[in-house]
Amino acid sequence: MSHRPTTVLIVGATGSIGQHAVAEALRQGYTVRALVRDQKRAARLLPENVGLVIGDLTRPETIGPAVEGIDAIVFTHGTTTSERDVRDNDYTGLANILKAMAGRRVRIALMTAIGTTRPGVAYAQWKLRSERLVRASGNPFTIVRPGWFDYNQPEQRKIVMLQGDRRQSGSPADGVIARDQIARVLIDSLRLEAADHKTLELVADHGPEQEDLTIIFSSLTPDSADSLDAAEDTVNLPTDSEPEMFRDDLAAIAAGTLKASE
Ligand SMILES: NC(=O)c1ccc[n+]([C@@H]2O[C@H](COP(=O)([O-])OP(=O)(O)OC[C@H]3O[C@@H](n4cnc5c(N)ncnc54)[C@H](OP(=O)(O)O)[C@@H]3O)[C@@H](O)[C@H]2O)c1
């Protein structure tokens, strides 16, 4: 990552993490844009100095203006745990944004969830596929898989980053984290070289929050530029056996990246 981005698009800005991400990005001096479905709701929830672009992630024709001129994207959108919702919104929304970028370089921070690599969990596999598209896009990125939102005790603020996605009970026993801290990690990652090409599970221990996250990011193993999967994951989803929709998206995003580099 050669320069610090200046203009960030927050996807899911009206959501429970997105609103914190907007506030944190503004606090850190970014020009902030938000892709929102409902202008009135967004105007009520977000500060005035956020650029609102009306669009729907599931309608590619509405996305162009949101990505014009940006050099960072923070994905905080999400739906339910139904396979169809996650495939058609969480996954397809991210794919549509990457396709709209047409290979133009951008710093990415993506939020998915702890336990995303759980075998046989259909909705989680679509989140995993959205991670894979980000890794395949050739962009600098950080993928944050948070534990359970706001299940932390008030003094449980020490940020912990894990790898390998080994906590898979599907309950708060896997780890907890405050919403504002998820947003802070996502926004900090945009400017930290040490965060580039890192995938991590984000939880909190008892203790105070660290001021600088560089050391923790530096301790993580980077994802290989040649792999679709996170450095320490043990997933087994051969691309050839993946759904056609994913393989088509993968090819379209890789082609966009190749064309832009010519
Ligand atoms: N709860 C937990 O403990 C936990 C832990 C780890 C991960 N997660 C993950 O976090 C995600 C939910 O986050 P959250 O609680 O912050 O959700 P949320 O408050 O419901 O926010 C979701 C955001 O996504 C936007 N969105 C959804 N579909 C869209 C579309 N088609 N086009 C444009 N925007 C769209 C929503 O926009 P509107 O305002 O227009 O609806 C909203 O801004 C889920 O994917 C979940 O798996 C949750």
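The values are calculated or read from the model by the stated rules, or taken from the named source; none is laboratory data. As the structure is a prediction and not an experimental result, all values here were calculated from the model. Positions of Cβ are backbone-derived with ideal geometry, glycine not excepted, and every protein chain shown enters the neighbour counts. Heavy atoms of the whole protein, side chains included, go into the accessibility calculation; ligands, DNA and RNA do not. Shrake-Rupley method; radii C 1.70, N 1.55, O 1.52, S 1.80 Å.
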field: Selection count where residues are basic (Lys, Arg) and surrounded by 14 or more Cβ atoms within 10 Å (Cβ to Cβ), scope region 1-49
entry: 3
- request: Considering (1) without any contact (Cβ under 8 Å) to a residue 24 or more places away in the chain; (2) of a type in the set (Val, Ile, Thr); (3) not in a helix (DSSP H, G or I), say which one ILE215 fails and leave the rest.
  value: (3)
- request: Report, by residue number, each residue of region 198-233 that is open to solvent by 50 Å² or more (accessible area, probe 1.4 Å), small (Gly, Ala, Ser) and at pLDDT 95 or above.
  value: SER218, SER219, SER224
message: Every residue in region 234-249 that is open to solvent by 50 Å² or more (accessible area, probe 1.4 Å), charged (D, E, K, R) and modelled with pLDDT of 95 or more, please.
response: GLU244, ARG247, ASP248
- prompt: Just checking, how many residues over region 154-183 are more than 17 Å from ILE114 (Cβ to Cβ) and buried (at least 18 other Cβ atoms within 10 Å of the Cβ)?
  reply: 1
message: It is to be established whether one or more residues within region 137-146 are surrounded by fewer than 19 Cβ atoms within 10 Å (Cβ to Cβ) and either in a strand (DSSP E or B) or in contact with a helix residue (DSSP H, G or I) (Cβ under 6 Å, 6 or more places away or on another chain) (or both).
response: yes
- request: With respect to GLY115, determine if the residue is in a loop (DSSP other than H, G, I, E, B) and within 10 Å of the ligand (Cβ to nearest atom).
  value: yes
- request: Specify which of the listed residues (ASP90, ASP150, ASP85) is on the phi > 0 side of the Ramachandran plot and either open to solvent by 20 Å² or more (accessible area, probe 1.4 Å) or not aliphatic (A, V, I, L, M) (or both).
  value: ASP150
query: Which residue, of LEU186, LEU258, is part of a helix (DSSP H, G or I), open to solvent by 70 Å² or more (accessible area, probe 1.4 Å) and either touching a residue at least 40 places away in the same chain (Cβ under 8 Å) or in contact with a helix residue (DSSP H, G or I) (Cβ under 8 Å, 6 or more places away or on another chain) (or both)?
result: LEU258
- prompt: Is there a residue being near the ligand (Cβ under 9 Å from one of its atoms) and either among the aliphatic types (A, V, I, L, M) or out of contact with any Phe, Trp or Tyr (no Cβ under 6 Å at 6 or more places or on another chain) (or both) anywhere in region 102-112?
  reply: yes
message: I need the full set of residues from region 228-256 which are among the polar types (S, T, N, Q) and within 18 Å of the chain's Cα centre (by Cα), in order please.
response: none
statement: Within region 54-82, residues more than 17 Å from the chain's Cα centre (by Cα) and surrounded by 21 or more Cβ atoms within 10 Å (Cβ to Cβ) come out as GLY55, ILE63
task: Take ALA252 and decide whether it is assigned to a helix (DSSP H, G or I) and surrounded by fewer than 18 Cβ atoms within 10 Å (Cβ to Cβ).
output: yes
